[in-house]
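*Asks:* One structure, pasted below without further comment.
The values are calculated or read from the model by the stated rules, or taken from the named source; none is laboratory data. Worth saying up front: this structure is predicted, and the values here are computed from it rather than measured. All Cβ positions, even for glycine, are placed from backbone atoms using ideal geometry, and neighbour counts span all protein chains on display. In case anyone asks, the SASA skips ligands and DNA or RNA and just uses the protein heavy atoms, side chains included. Shrake-Rupley method; radii C 1.70, N 1.55, O 1.52, S 1.80 Å.
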Amino acid sequence: MYLPDIETIARDDLRRLQGDRLGRLLERLQGVDTPFWRDKLAGVGHTNTIEGLASLPFTEKQEFRDTFPYGMLTVPLDDVVRVHASSGTSGKPTIVAYTAEDVKVFAEVNARSLSAAGADRSDIVHIAYGYGLFTGGLGLHYGVEELGATAVPASGGNPGFQIELMADTGATGLAATPSFALILAERARDAGLLDAIRLRWGIHGAESWSEGLRQKVEEAWGGDYDACDIYGLSEIIGPGVASECRENKGGLHVFEDHFYPEVVDPETGEPVAAGELGELVITTLTKTAQPVIRYRTRDMTRFLPGDCPCGRTSRRIARIQGRADDMLIIRGINVYPRTIETILMEDSALGNNYAIVVDRRPTLPELEARVELSSPASAEDTEAVATRLRARLMETIRLRVEVKVGPPGSVPRTELGKAKRVFERTDDTDPLG
Ligand SMILES: [Zn+2]
């Protein structure tokens, strides 16, 4: 553990610390004389307890765009030592700024994440996240140095070169997206380098992944490789908002002495019942250049109950279940396409392509999943796959989903750009036809 005093702090002490930090943050923000902060905090009173947070306004992604590039700063630009940006699918990117203190916190939470995944100062860490405006590469890089381990800033691309470098440098840890970690493992196997690379652990984030993919990554690297999830977003700080510990994979500790988490109903903004699925909202308690109050991440998760065997006392959240904007409401039940995808992708008989059709012709909409086999099978075997997927979906999302299993290549592919997975059906023509 990198900072045992703070990471195992008693819950009551943590709550007091969070309240103090919130109070100090508010006091400072109320003195910032810019249009954004004057509007945001108009009519807001003071509080120095976490209970008082609920009376504060939310912050939305759109506000970053509206104030582009520096309208949300709370310090003079002279005090900013770095900016990152997240790419927007349209229009301007989102700019995020850091003071020297913010950079230090950024390094600290990444060091804590790496340590939770099994890293220590003896490690040689191969960083295959992109370096640049994206926060992944530099975020993990500073974390590795903060921990006192050795950083190899490989950045993205060129897997053939990367696996040779990993063997030559003696890499013991890997920071990469889960999909790239799998590509590197497959290339290493094909090149006969798997035995020469001695990875013990990996830290994998920046894209959504499932337990099925974790198993694949861990098996591909072999031995006792631990693949841990790391969560973050540039509007908060970058990677290192929350991270899995290797003792208890399947949930992520939120570094809540810096980032206070809430889970709310995405429609009403009210807190959900304990352990229910909702939208993650984060307040940055210690950020100085560009703090946010109650930022709506649009990421859906739930708090996990119970103490963690690793000894960390911070709350854990479930792996991100999807985006609030993607939610479907089917017969009164909230369904996320990501949840359905996870179930479909865990079935080894299926290929990687699928589609979800929302049939709106009946009074109450119905859900249909179209999938394809990874290799040809008899009609009997095909029906068996459909039957087990229906049962699995019913068990998980408590909705009857009509599953249609076709031969390999039967689900139409998106030719350009991001794959379209969800289709609406309002008349008798097939939206996939
Ligand atoms: Zn833990």
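*Asks:* Does region 69-123 hold any residues that are assigned to a loop (DSSP other than H, G, I, E, B), surrounded by 14 or more Cβ atoms within 10 Å (Cβ to Cβ) and touching a Phe, Trp or Tyr at 6+ places or on another chain (Cβ under 7 Å), and which are they?
*Replies:* Matches in region 69-123: 71, 72, 74, 118, 119.
*Asks:* I'd like the full set of residues that are within 27 Å of the chain's Cα centre (by Cα) and open to solvent by less than 70 Å² (accessible area, probe 1.4 Å), limited to region 44-53. Before you say what the answer is, go through the steps one by one.
*Replies:* Going through region 44-53, the residues within 27 Å of the chain's Cα centre (by Cα) turn out to be 50-51, 53.
Hits for region 44-53 are 50, 53.
*Asks:* Do you know which residues across region 302-342 are assigned to a loop (DSSP other than H, G, I, E, B), of a type in the set (Ser, Thr, Tyr) and without any contact (Cβ under 8 Å) to a residue 60 or more places away in the chain? Quick ask: steps written out before the conclusion?
*Replies:* Filtering region 302-342 for residues assigned to a loop (DSSP other than H, G, I, E, B) gives 302, 305-315, 318-321, 327, 331-332, 336.
If we keep only those that are of a type in the set (Ser, Thr, Tyr) too, we end up with 313-314, 336.
336, the sole residue that qualifies.
*Asks:* Right, next: Test of understanding: among 307, 326, which residue is more than 16 Å from the ligand (Cβ to nearest atom), of a type in the set (D, E, K, R) and surrounded by fewer than 17 Cβ atoms within 10 Å (Cβ to Cβ)?
*Replies:* On the way: 307 fails: more than 16 Å from the ligand (Cβ to nearest atom).
Answer to the check: 326.
*Asks:* Follow-up question, since we're still on this one. Could you list all residues from region 361-376 that are among the aliphatic types (A, V, I, L, M), within 17 Å of residue 334 (Cα to Cα) and open to solvent by less than 70 Å² (accessible area, probe 1.4 Å)?
*Replies:* Applying the first criterion (among the aliphatic types (A, V, I, L, M)) to region 361-376 yields 364, 367, 369, 371, 373.
Checking the rest, the ones that are also within 17 Å of residue 334 (Cα to Cα) come to 364, 367, 369.
Residues satisfying the conditions are 367, 369.
*Asks:* Another question, if that's okay. Please go through region 366-408 and give me each residue that is more than 22 Å from residue 321 (Cα to Cα), in a strand (DSSP E or B) and β-branched (Val, Ile, Thr), ordered by number.
*Replies:* Listed by number, the list holds a single entry, 405.
*Asks:* Scanning region 232-276 for residues that are on the phi > 0 side of the Ramachandran plot and in contact with a Leu (Cβ under 9 Å, 6 or more places away or on another chain), which turns out nearest to the ligand (Cβ to nearest atom)?
*Replies:* The residue in question is 250.
*Asks:* Considering region 10-51 alone, what residues qualify as being part of a loop (DSSP other than H, G, I, E, B) and touching a Leu at 6+ places or on another chain (Cβ under 7 Å)? Walk me through it before giving the result.
*Replies:* Within region 10-51, the first condition is being part of a loop (DSSP other than H, G, I, E, B), and the residues that meet it are 10, 30-34, 41-49.
Of everything in region 10-51, those that are part of a loop (DSSP other than H, G, I, E, B) and touching a Leu at 6+ places or on another chain (Cβ under 7 Å) turn out to be 30, 41, 44, 46, 47, 48.
*Asks:* From the set of residues in region 329-352 that are out of contact with any Asp or Glu (no Cβ under 9 Å at 6 or more places or on another chain) and among the acidic types (Asp, Glu), which is farthest from the ligand (Cβ to nearest atom)?
*Replies:* 347
*Asks:* Looking at the structure I just gave you, is residue 226 within 16 Å of the ligand (Cβ to nearest atom), in contact with an Asp or Glu (Cβ under 9 Å, 6 or more places away or on another chain), open to solvent by 10 Å² or more (accessible area, probe 1.4 Å) and not β-branched (Val, Ile, Thr)? Step through it out loud before you land on a result.
*Replies:* Values: within 16 Å of the ligand (Cβ to nearest atom): yes; in contact with an Asp or Glu (Cβ under 9 Å, 6 or more places away or on another chain): yes; open to solvent by 10 Å² or more (accessible area, probe 1.4 Å): yes; not β-branched (Val, Ile, Thr): yes.
So residue 226 passes the test.
*Asks:* Answer yes or no: is there a residue in region 277-293 that is part of a loop (DSSP other than H, G, I, E, B), open to solvent by 10 Å² or more (accessible area, probe 1.4 Å) and within 16 Å of the ligand (Cβ to nearest atom).
*Replies:* Checked region 277-293: no residue is part of a loop (DSSP other than H, G, I, E, B), open to solvent by 10 Å² or more (accessible area, probe 1.4 Å) and within 16 Å of the ligand (Cβ to nearest atom).
*Asks:* For residue 41, are the conditions met, namely being open to solvent by less than 50 Å² (accessible area, probe 1.4 Å) and free of Cβ contacts under 8 Å to residues at least 60 places away in the same chain? I'd like the intermediate steps shown before the answer.
*Replies:* Values: open to solvent by less than 50 Å² (accessible area, probe 1.4 Å): yes; free of Cβ contacts under 8 Å to residues at least 60 places away in the same chain: yes.
In short, yes.
*Asks:* Of the residues 267, 247, 256, only one is part of a loop (DSSP other than H, G, I, E, B) and buried (at least 18 other Cβ atoms within 10 Å of the Cβ); which? Spell out how you get there, then give the answer.
*Replies:* On the way: 267 fails: buried (at least 18 other Cβ atoms within 10 Å of the Cβ); 247 fails: buried (at least 18 other Cβ atoms within 10 Å of the Cβ).
Only one candidate passes the filter, namely 256.
*Asks:* Only residues in region 193-221 that are among the β-branched types (Val, Ile, Thr) count as the first member; pair them with residues that are in a strand (DSSP E or B), Cβ under 6 angstrom, at least 6 apart or cross-chain, and list the lot.
*Replies:* 203/175; 203/228; 203/230; 217/227
*Asks:* Go through the residues of region 385-395 one by one and say whether even a single one is in contact (Cβ under 8 Å) with a residue 60 or more places away in the chain and surrounded by 15 or more Cβ atoms within 10 Å (Cβ to Cβ). Give the steps one after another, and end with the answer.
*Replies:* From region 385-395, those in contact (Cβ under 8 Å) with a residue 60 or more places away in the chain are none; that's our starting set.
No; the residues of region 385-395 include none that is in contact (Cβ under 8 Å) with a residue 60 or more places away in the chain and surrounded by 15 or more Cβ atoms within 10 Å (Cβ to Cβ).
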